[in-house]
Amino acid sequence: MTYCRICGESTSVYVCGRCVEAWRDLITIAAGVNPLIMDEVARLSVKAKPGGGGGEKTEAVALGALMARMALHESMYALYRQIGADSPAEAVRLLHQVQERPRDVERLWEDFTSLEEAVKKCYSFVDAKEEVISLGLCACGCSVRGRVSAQSARCAQCGVRTPVPVLVENRRNNALAQARRRPLKDAQMVAALAVCGYEVADRTIQSWVRRGKLKRDSDGCTMLDEVLALCKDNPRIKTLT
């Protein structure tokens with residue numbers, strides 16, 4: 001039994017499977033941002049040319065994007081040489097070999113650190129033209145941010161990459177879990193019911209209270225589980241599809 005040279009976790013190899021998977025993700029992400037930053041450099045270079053309506057500020061941004069692209073290429077190819085690969089796909093395929101090569105781990109760690117910094121720098125230019133939003137919750141409970149068009153996103157806390165629909169569902173489940181633990185005002189209840197798939201007006205909730213089907217607490221709030229039970233038993237309640 002030894003330990004992972006990256007995270008320190010007990011393992012039988014020199015780099016644990018989780019760290020290798022995180023490195024594979026980074027290689028894939030770098031390959032994905034490469035054409036994006038190249039397009040951004042070309043776009044900014046046109047604007048920065050005389051007559052392009054750019055000016056000194058645009059020229060500085062264009063130069064910064066160009067330097068970010070150069071740093072990305074340098075980091076990518078240094079890493080490929082170290083692994084013995086000619087492409088991102090081959091690097092991902094061969095990466096497991098480093099688990100048995102302790103002398104290469106420290107150099108690889110430096111290469112991956114450089115690549116991660118280069119990727120972040122490139123995204124700082126790419127994301128400037130595409131809005132970055134909160135996509136949902138990771139399984140570890142942390143909020144995950146990413147581009148609007150992203151299909152998946154990586155958690156900055158635990159490093160796990162998750163499909164966006166799963167992140168959205170995690171956030172929905174977390175919101176419902178919190179809603180179930182505390183009483184809700186009518187407006188909050190209507191919103192929580194919409195998340196659950198029911199279209200219920202606040203006057204319907206008030207009607208259930210008047211007819212004795214639902215009880216309010218001293219603050220005028222009701223519980224989500226009790227209202228959900230009434231929704232399920234009432235065929236007249238509309239469902240959101």
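The values are calculated or read from the model by the stated rules, or taken from the named source; none is laboratory data. Only a predicted model underlies this, so the values are computations on that prediction, with no experimental measurement involved. Positions of Cβ are backbone-derived with ideal geometry, glycine not excepted, and every protein chain shown enters the neighbour counts.
Tabulated data
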quantity: Extreme residue, modelled with the lowest pLDDT, among residues of the range 205-241 that are under 38 Å from the mean Cα position of the chain (by Cα) and among the polar types (S, T, N, Q); calculated: Thr241
quantity: Of residues in the range 100-125 being among the hydroxyl-bearing types (Ser, Thr, Tyr) and at pLDDT 85 or above, the one surrounded by the most Cβ atoms within 10 Å (Cβ to Cβ); calculated: Ser114
quantity: Contacts under 7 angstrom Cβ, first residue in the range 139-162 being β-branched (Val, Ile, Thr), partner assigned to a loop (DSSP other than H, G, I, E, B) and at pLDDT below 85, 6 or more apart; calculated: Val148/Glu130; Val148/Glu131
quantity: Scope the range 5-28; condition farther than 11 Å from Phe112 by Cβ and either touching a helix residue (DSSP H, G or I) at 6+ places or on another chain (Cβ under 6 Å) or among the aromatic types (Phe, Trp, Tyr) (or both); matching residues; calculated: Arg5, Cys7, Val13, Tyr14
quantity: Enumeration of residues in the range 45-99 that are in a helix (DSSP H, G or I), more than 30 Å from Val13 (Cβ to Cβ) and at pLDDT below 80; calculated: Ser45, Val46, Lys47, Ala48, Glu56, Lys57, Thr58, Glu59, Ala60, Val61, Ala62
